[in-house]
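Peer 1: Structure provided below as structure tokens; questions to follow.
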Amino acid sequence: MAISVLVINCGSSSIKYALISERREDRIYGLAENLGAADARIKGITVGGEALELSIPYADHAKALETLLERLANYNPQAIGHRVVHGGNITQAERLTQQTIDRIRDAIPLAPLHNPANLIGIEATMSLFPQLPQVAVFDTAFHQTMPEHAYRYAIPQFLYTEHQVRRYGFHGTSHAYVTERASELAGQKNQGGWLSAHLGNGSSTCAVWNGQSIDTSMGLTPLEGVVMGTRSGDVDPSLHLFLANNLGWDIQKIDNMLNKESGLLGLSGLSNDMRTLVEASEKGHEDATLAIEVFCYRLAKSLSALSCGLPRLDGLVFTGGIGENSAYVREKTLAYLPHFGLQFSKENNDTLARGTEGRIDAGTGPQIWVIPTDEEGRIAKETRQVLAQIA
Ligand code: AMP
């Protein structure tokens with residue numbers, strides 16, 4: 001029987017958790033949010049699908065984890081799997097030792113918002129549950145198979161050799177899961193060439209050949225690549241100089257603008273939420289219409305570019321909140337990709353039920369799949385694999 005794994009995903013003011021046993025239906029999951037504030041609370045789903053809401057005023061990460069772990073102790077988790085955003089050049093999930101923790105700390109300059117929060121979660125669960133084996137699963141690790149010509153920037157060598165400036169890529173657990181699942185459904189598990197589009201608040205694309213990432217749209221940080229909810233994706237790097245020289249902006253202000261005020265939000269002036277934009281566009285909001293168009297065009301452009309790394313294209317997978325739920329975005333994106341022979345079935349695309357796996361191509365050309373992502377399930381799986389290897 002598969003051991004049950006508690007998956008922890010610690011952000012700066014929230015903690016997502018999921019207790020994963022053998023069957024997906026048996027999952028317990030939820031979120032501790034607003035940590036440090038008066039309205040800090042835990043919201044989740046218990047066994048049997050009942051809603052849980054618990055007020056934990058001013059709880060910090062450690063207190064929230066203690067409360068969570070007390071409640072979950074009855075379910076007897078046998079291991080803890082932590083999502084860690086940046087693992088530098090670590091190539092696979094690792095059992096947490098002091099050495100691994102030091103490497104996560106060393107990668108803080110590469111992920112200053114994420115890795116410190118991940119470390120808080122790790123330190124809290126290690127002191128609360130010293131007897132449980134704990135594993136770190138890295139967003140970056142899946143992309144460590146990229147060839148050097150895909151991960152190097154065309155900038156002076158020493159920035160790579162002495163300062164680790166290179167493309168890393170993120171959303172690795174999601175791209176790994178959906179491409180493995182789609183190729184399995186297509187009857188060729190981890191074989192052939194797949195493109196994947198993870199479209200959520202953060203979005204990225206990935207090219208996978210025989211189960212290995214060979215290129216991806218995100219780079220040194222999760223800002224590079226396609227248009228996202230509030231992130232710009234690719235811009236001309238000289239934009240920084242332009243804004244500094246002409247508007248007197250400092251580097252923090254520019255970084256903030258590119259990460260938090262751009263993307264769908266910046267283009268539409270309305271929202272970072274694709275649902276809101278589609279509704280507004282239907283009512284004639286021109287900037288919302290433009291934001292969706294830029295999103296879909298730039299996504300198609302990124303998928304086309306990544307296809308250069310694939311000897312053959314067998315299929316394309318959509319996932320993430322937008323990829324799984326928006327038939328409109330899928331249709332608009334595919335309309336920009338006629339030259340790959342991608343033929344989609346409008347009926348299958350429009351009638352695919354939310355949260356379900358489904359094939360939306362017309363039966364000729366590369367397959368097109370919609371696969372709900374399962375990052376927690378993948379983290380639990382990799383945690384089990386690490387523990388099995390060292391057992
Ligand atoms: P995620 O970060 O994966 O949770 O995805 C969040 C994004 O999914 C938000 O932009 C939502 O607007 C989007 N989303 C969820 N449902 C829909 C839908 N039915 N149509 C369009 N976008 C959706």
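The values are calculated or read from the model by the stated rules, or taken from the named source; none is laboratory data. What you see is a predicted model, and the numbers here were worked out from it, not measured in a lab. Using ideal geometry, Cβ is built from the backbone for each residue, glycine included, and neighbour counts are taken over all protein chains shown.
Peer 1: What tally of residues in the range 344-391 results from selecting those that are more than 20 Å from Cys206 (Cα to Cα), free of Cβ contacts under 8 Å to residues at least 60 places away in the same chain, surrounded by fewer than 18 Cβ atoms within 10 Å (Cβ to Cβ) and not aliphatic (A, V, I, L, M)?
Peer 2: Number of matching residues: 12.
Peer 1: Return only the number of the condition from (1) without any contact (Cβ under 8 Å) to a residue 24 or more places away in the chain; (2) crowded, with 20+ Cβ neighbours inside 10 Å that Pro112 does not satisfy.
Peer 2: (2)
Peer 1: Could you list, in sequence order, the residues of the range 216-250 that are small (Gly, Ala, Ser) and exposed (fewer than 13 other Cβ atoms within 10 Å of the Cβ)? Lay out the reasoning, then the answer.
Peer 2: First pass over the range 216-250, keeping only residues small (Gly, Ala, Ser): 217, 219, 225, 229, 232-233, 238, 244, 248.
Once the filter is applied, which keeps residues that are small (Gly, Ala, Ser) and exposed (fewer than 13 other Cβ atoms within 10 Å of the Cβ), the range 216-250 yields Ser238, Gly248.
Peer 1: Having 3 or more residues that are at pLDDT 95 or above and within 16 Å of the ligand (Cβ to nearest atom) is the bar; report the helices (runs of 4 or more DSSP H) wholly within the range 281-356 that clear it.
Peer 2: Values: elements: 286-306, 320-325, 327-335, 346-351.
Hits in the range 281-356: 286-306, 320-325, 327-335.
Peer 1: When the residues of the range 91-106 are filtered to those that are of a type in the set (Lys, Arg) and in a helix (DSSP H, G or I), which remaining residue is surrounded by the most Cβ atoms within 10 Å (Cβ to Cβ)? Please lay out each step first, then the result.
Peer 2: First, pick out the residues of the range 91-106 that are of a type in the set (Lys, Arg): 95, 103, 105.
With the extra rule that they be in a helix (DSSP H, G or I), the set shrinks to 103, 105.
Numbers: Arg103: 19, Arg105: 11.
Checking each candidate, the answer is Arg103.
Peer 1: Now a separate question. Please name all residue pairs, on different chains or six or more residues apart, with Cβ atoms under 8 Å, provided the first residue is in the range 317-338 and is acidic (Asp, Glu) and the second residue is away from the ligand (no atom under 11 Å from the Cβ).
Peer 2: Glu324/Phe318; Glu324/Val370; Glu324/Ile371; Glu331/Phe344; Glu331/Lys346; Glu331/Asn349
Peer 1: For the range 228-245, indicate whether the set of residues that are within 16 Å of the ligand (Cβ to nearest atom) and either among the hydrophobic types (A, V, I, L, M, F, W, C) or part of a helix (DSSP H, G or I) (or both) is non-empty.
Peer 2: First, the residues of the range 228-245 that are within 16 Å of the ligand (Cβ to nearest atom): 228-233.
Now drop any that are not either among the hydrophobic types (A, V, I, L, M, F, W, C) or part of a helix (DSSP H, G or I) (or both), which leaves 228.
Yes - at least one qualifying residue is present in the range 228-245.
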